[in-house]
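Notes to accompany the following structure.
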Amino acid sequence: MTSYLIMADAKWYEASIGTLTLNNPHKRNALSEALVRELIASFEAMQAAEVRVVVLRAASGAKVWSAGHDVDELPLDGRDPLGWDDPLRHLVRTIENFPCPVIAMVEGGVWGGACEVVLACDVVIAAPSATFAVTPARLGVPYNVSGMNTFMNAANIRIIKEMAFTAQPVGAERAERMGMINHLVGGDELLAFTDNMARVIAGNSPLSIRVMKEQLRVLTGANPMTPRGFERIQGLRRIVYDSADYREGILAFKEKRPPKFSGR
Ligand code: LCV
């Protein structure tokens with residue numbers, strides 16, 4: 001089986017720290033179903049091994065941490081592209097429900113759904129090379145409700161609107177200034193800084209940390225939304241993924257040309 005991940009087992013046992021390295025460079029670590037399946041299996045193995053912290057990273061010096069959802073796997077048959085069972089949704093829930101902290105160590109560009117993956121992690125430590133781009137508007141995709149909630153919990157609503165409406169990357173320095181990431185660390189200290197934080201966390205009470213992580217997940221997800229409000233949003237999202245613009249965004253990506261959105 002092609003492996004897209006390198007699980008640094010040795011480190012895993014030495015200090016109860018698990019490291020998952022995204023390793024599918026030819027597709028810029030796009031979060032394909034196969035890659036997500038490996039990630040989830042690795043998280044499950046680490047939970048069984050009772051690790052106390054997981055570091056999620058790309059290869060050292062990566063220009064692209066992850067290019068986001070695998071565009072080739074976005075459905076064109078009228079199905080919701082980001083429904084409950086979409087691999088990206090599974091991955092975000094796996095990180096949020098994982099019983100110990102997940103640290104995203106970021107170098108390079110983070111695109112689209114990978115932004116949500118990074119922001120769903122508990123701590124984000126980034127190198128100056130890191131950038132973050134929320135891209136649904138670039139592809140004509142209707143992002144899903146819980147994903148928007150992840151973004152809203154990560155930064156001021158005005159910043160999220162700017163990132164969502166422009167789909168332009170935000171640099172690590174600005175991201176740190178806005179509090180969207182925890183630390184901006186120079187490239188050559190990044191690994192040592194991340195490792196040190198992981199060891200500090202691993203030395204604390206795993207039970208106390210586990211309950212605080214779950215408390216914060218429940219509290220940040222406790223957004224009052226009426227069934228009617230949810231249905232209205234789902235109806236609006238359906239109009240988008242049934243639209244010519246949704247198909248045009250994906251086709252333009254595949255044909256490596258700028259999309260021409262008609263608004264229909
Ligand atoms: C499949 C890819 C991808 C990719 N999928 O390298 O958030 S939402 O709603 O938008 C959500 C649905 C989502 O996450 O959508 C994906 C959003 N991601 C993006 O918009 C980023 C798309 N990728 C890029 O802009 C570029 O690939 C970056 C800037 C990441 C890297 O540029 P670079 O010049 O280094 P290439 O573009 O040449 O890509 C190398 C190969 O990876 C494929 C791409 O099609 C190319 O394949 P071929 O060598 O077969 O041509 N690839 C890149 N991103 N998300 N495939």
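Bear in mind that the values in this text are calculations on the coordinates, not laboratory data. Keep in mind the model is a prediction, meaning the values are calculated, not measured. No Cβ is skipped: glycine too gets one built from the backbone with ideal geometry, and neighbour counts run over all protein chains shown.
Under 10 Å, Cα contacts only: if you run a Gaussian network model on the chain, which one of A154, A30, A244 comes out with the highest mean-square fluctuation? In this elastic network of the chain, the residue with the biggest mean-square fluctuation among A154, A30, A244 is A244. Mean-square fluctuations from a GNM of the chain, with a 10 angstrom spring cutoff on Cα atoms, peak among M225, M197, M180 at M225. Across V185, V145, V55, mean-square fluctuation computed from a Gaussian network of the chain (C-alpha pairs under 10 Å connected) peaks at V145.
Remark: spin-label model distance I40-A59 equals 2.6 nm, labels positioned 7 Å along the Cα→Cβ axis.
Rounded to the nearest angstrom and listed largest first, the equivalent-ellipsoid semi-axes of the stretch 14-98 from its Cα gyration tensor are 25, 17, 8.
Using only side-chain charges placed at the Cβ, +1 for Lys and Arg and -1 for Asp and Glu, the dipole size of the chain relative to its Cα centre rounds to 760 debye.
With the simple model of a label 7 Å out from the Cα in the direction of the Cβ, E231 to R79 spans 2.5 nm. Taking a ≥ b ≥ c as the square roots of the eigenvalues of the alpha-carbon gyration tensor, the chain is classed prolate because a/c is 1.5 or more and a/b outweighs b/c. What number, in percent, do you get for the relative contact order of the chain if the mean sequence gap of Cα pairs under 8 Å and at least 6 apart is divided by its residue count? Reported as a whole number, the value is 18 percent.
Kindly rank 75-87, 100-112 from highest to lowest mean number of other beta carbons found within 10 Å of each residue. Can you show the working numbers first?
Values: 75-87: 13.9, 100-112: 25.1.
Top to bottom by mean Cβ count within 10 Å: 100-112, 75-87.
In terms of the Cα gyration tensor, with a ≥ b ≥ c the square roots of its eigenvalues, is the stretch 225-264 rounded because a/c is under 1.5, prolate because a/b exceeds b/c, or oblate? Because a/c hits 1.5 or more and a/b exceeds b/c, the stretch 225-264 counts as prolate.
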